[in-house]
Each structure stands twice: as structure tokens, then as C-alpha cells.
Amino acid sequence: MRWINSIFTTSAYNNLLDKQRAGMIYTVSSTLLVLLTVFIVFTPLTGRAPWEEIAMGGGLVAIFLALGYIGMLGAIVLTRSGRVDLAAPIAVVITAGVAGIFFIGTGGYSITDGIVLMLVLAFASLVIPQYGLFAGIVITLSMLLLALNQRSSVPQIPNNTGYDLFVTLILIGMTSGLLYAFLRFARLNRLEGESGARQDRLRLAEITSQITQRISRRQPLAQVLGNTAEQIRENYPSIYHAQIFLLDESGRNARLAASTGDVGRLLMEKKHNLPVGSQSVIGQVTLKGQAVVARAGNNESVHRRNEFLPDTAVEAAFPLRIGDLVIGALDLQSKLPDAFSPDDTPIFQSLADHLAIAIDNARLFEETERQLAENRQLIDQTQKTAEEVARLNQRLTGRFWADYLRQQTVTTGLNLDLTQQVSTPDDTLTPTSQQAIQQNQSIQGQQNGVSVVAVPLRVRGQVIGAMEFELDSAGNISPEDVAMLEEVSEQLGLAAETNRLFETSQRIAQREALVNEIATRLETGTSVEMTLTSAAQSLKEALQANRVAIRLGKPVTVQGGQS
């Protein structure tokens, strides 16, 4: 059988109808080849065997046999190469030629020979798609006319008055009518099937479009899945319950994410789930990643009766896949035993594939939104922290400068009279300078008949002083000049802060050096008295103290709690 299948192969055809046509051509052609071979070897024509007739110069017989062999072999070769449309008319012509030899040779007297015409008619109608029936009628009528013309050379059969011819015509007419009805019925079935397939594709496209629209409207994933399950049930009357399972984070259990009707609400409340790989439809689909159609009442079926869905006759589940990754399953149940035919599987699997993509996109969107929210929260926290650090730095800067100014023994202000080229120390604040410090902004005004501009000095937002400029009565300063003064004040504030930090670091270094020096002196003492004397002397010098007192021991407690 493998050898025969390798010769009469139909692998060149994707269409089932073309495969059937090819099989019919193979069958008829090979049968005729066998019959021709038997005819040549065993059937005499004129008292001699056909091969003897050919050997004695029977040219017409040789041509007929050669054409028969070449035609049948050519039809087989063309069919193997995928040229069934070309092989079909060749096979019909050769078949009609072989049948015509027998029918015409008898003059068409035998009704049995008329059956041959019906076979030719049927063969032509089935292997030639559009005009096969018309071609078969033309061929059979042509052979019938040739047979009538041949009757004059065929001995008459007694008591035959043309009744056989009438019956042959009736058989041909009936066969033609039945073939026409059959072909029309097949065509209508095919058109109806194509129409149904188009409707299924339209329903699939509509459901897919609505799923995409729901996700684009940023609906929650649970709502999208619930609406999709309801829509599937509404669009496919044979389905009475639809539900969607999604794998949990561990990938070990398929939890119910959406289910239709009151039963669906009960199952959702119970948090229905099934282990991956369990002996259930969902368990097997999520494990293998392949669609499963299971019918109730079958001991070999993986369908398990659900007490909430006792009317289920057949359950079909289709994997939700993202590439090779299974993320869940679409579960459909019907009360009809013949629901979910093999033709339905690609439709629902395509729906499941679109649904899986929609679910993945929705999850990615939700994950992106969550990350954005976390990032916004992190940014807000960072900004609040930065603001808090800035406020703390500002307070510390103000405190450090207040301490620094209190420790100064010299005047920290300066007046510069450019008209007389005289500079004098002065830390007195004018009303304009004091207003600039309090309001932390540049102030312009009149003072003693002259124009005055005061600009605050700032370090990290903390005001540490002010600069004041006096112009003559006609003087006028532009906003650009004010901006320039504010920039200079910022740079001056930074320079002052740098100097303060330098002086502070020097004092700290001096203090550490003094502490180290005192510690070194204390280490050289050989007795407690010498150590105490050395410590008192060192501290007196460091602090410029008039008296230093050091006591050892603890106070004596007397009655009443006082020492």
C-alpha cells in the first residue's frame, strides 16, 4: 500500500476537492490500463488475438492501443505533478474512446452497453468542475449517433424495434438530471459552507474588534474578559456557557477569570481553579497547549462533570498562547452532542489567539501604568526629600551664619564712597537694606533725595545680608541691571560662604591640634598630681582663664539628700 500510495500520490494538492478528482482519475486511468492489457492478451478481434492482429499489420488497432496507453499514462503523470485540470479532459477523452469502441461496435442495441455511456457521463461530470456535465452529454450523444450509423453493418437482433435505443436515451436523460441535481446540491452546500465560514470570520472579527476597543478604552482586564465571554455565548447559539481561565503567578493553577450567567457568578465567588496537568479539560489544555474537545459520558474523555453545569454534553477548551507560552484557556460548553466539529476548531482557536494577545496587551498596559504610578510616587518622594534637605540646609546655613557673625570681633559691613574714594567699616542696616533682607528680593526707592537699590545676599536660599547702591537723583536702573546685580549678589554670597567654611575649618583644625597637644602633655605625667597640674595649666592657656579647679572623687551624700 505504501508503494501504491507513493505512485498515486495527491500531496501536490491542498484542496480536498482536487484530491478527490485526482483519486478518481488515478482509479479510472489505472483500471483502463489493466483492461487494455487484458484486451490485448486475451480478446480476439477477427479470429486472432489482438497482439497477432497488431503483428500482422493492423495499423488502426495499434494506433488505438498506443493512444490509450499514452493517454492513460499521461493523465497519471499530469495528476501526480499537480495538473489535474489538464489531466481530467485527457482521461475523459480516453475513457470515452474506450467505451465508444464497445458501444459503437454493437450498434447500440444492448441496453447494457448504454450503461457504459452513463459511466462516461458521470466520470466527465465529476472530474471536470464547470462544464463536465455538458461535455459528457455531448460525448454520449455523439457516440449514440455513431452507433446508429453503425447499425447498418451490425446483424439485426430479432424482435428489436428500437425499444433498446429508447431505453438508452431515457437512461442518459435520467443520469444527466441526477448528475445535474447532485452537482447543484454540492455547489449549494459549498456556497452555504463558504457563507457560514464568512459569517464565522465576521463574528470573529467583530468580537476581536470589540475586545481591542475595550482595551483601548482602558477598561479593567476583568471587565474585558467578562464582556468577551458573554459576547461569545451570544454570538454562538450552540454554546450555553463560556468561561476564561488564566494561569496564576506560579503557573501551577488555572484560576477562573471570567464566566457567564448566574453559574459563572457562583464559580467566581468560589474562586474556582484547576491544577495544570490535572485530569480535566482545562488541566490538559494548559499543560499541552493544544485544543481539547471532550464529550460527556465517555469513559476515556477528560471531561469531568460539574455540579453547576450538569447539562453539558460536550466541552471544548482552547489554549490562550503568546508564542509558545500558555497563559490560560478559553472554555466553551454546549448541550448539543454534535457541537464543535473539526471545522469549528480553527475558528475558536483563532479567537483564543486574539484573546491571548488582548490579555497580554492589557497586562502590559496595567504593568506600565503601575510602574508609572510608582515612578511618579518615587519622584514626588524625591522632590519632597530634596525640598526638605533644601529647607534644612537653609536653616543650618542661617544658624551657621548667625553663629559666625556673633563670633566676629570686627565690623563685617563696608561703605564705599566712590565720589571721594573712601571706604569705611559699617554694619548698620539702612531701611532699604533691611526691607530687602526681610522680603528676600531687590528693592528700589528714594532715600535722602537719591535713588537707592538694595539687593539681598543669599546662600542656598538663606539671606545673609544685602548690597545697597545709591544713584544720583536722575539715575535710573533698568531690569537688566537689576538682574545683573542679583547674579553678582549670588556669586558674592557663595564666595562669602566659601570663606566662612575655610575659617571654620581652620578653627576646627586649631582646636583639634590644641586637644592633641593637651593629650600629649597629659600622657607625660608620672603621677595623678602632675597630670592634674598639667591639665589645669594647659586649659588655662587655651581658655585664657583666671582660675582652673579640678576635683577628684564623688560628693558625700548627707541626710536629706543633699551633699
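Please treat every number below as a calculation from the coordinates, not as lab data. Since the structure is predicted, the reported quantities are computational estimates derived from the model, not experimental observations. All Cβ positions, even for glycine, are placed from backbone atoms using ideal geometry, and neighbour counts span all protein chains on display.
Which loop chymotrypsin sites (Phe, Trp or Tyr not before Pro) in the range 291-374, with loop taken from DSSP, have no more than 16 other Cβ atoms within 10 angstrom of their Cβ?
F308
Evaluate the distance, in nm, between pseudo-label points positioned 7 Å from the Cα of R551 and of R460 along their respective Cα→Cβ axes.
4.2 nm
Kindly put V422, V285, V463, V488 in sequence by how many other C-beta atoms sit within 10 Å of each C-beta, fewest to most.
V422, V488, V463, V285
Order the peptides 265-271, 288-294 from the highest to the lowest mean number of other Cβ atoms within 10 Å of their residues.
Ranking the peptides 265-271, 288-294 by packing returns 288-294, 265-271.
Using only the alpha-carbon atoms, what does the range 414-518 span along each of its principal axes? Please give whole angstrom values in decreasing order.
Principal extents (largest minus smallest coordinate, Cα): 63, 31, 20 Å.
In sequence order, what are the phi-derived ³J(HN,Hα) couplings for the range 342-359 according to the Karplus relation 6.51 cos²θ - 1.76 cosθ + 1.60 with θ = phi - 60°, rounded to whole Hz, with x for glycine and proline?
So the Karplus estimates, Gly and Pro as x, are x, 5, 7, 4, x, 5, 6, 5, 5, 4, 5, 5, 5, 5, 4, 4, 4, 4 Hz.
Check cross-link reach from K270 to the lysines: straight Cα distance under 27 Å, and skip same-chain residues fewer than eight apart.
Straight-distance partners of K270: K288, K335.
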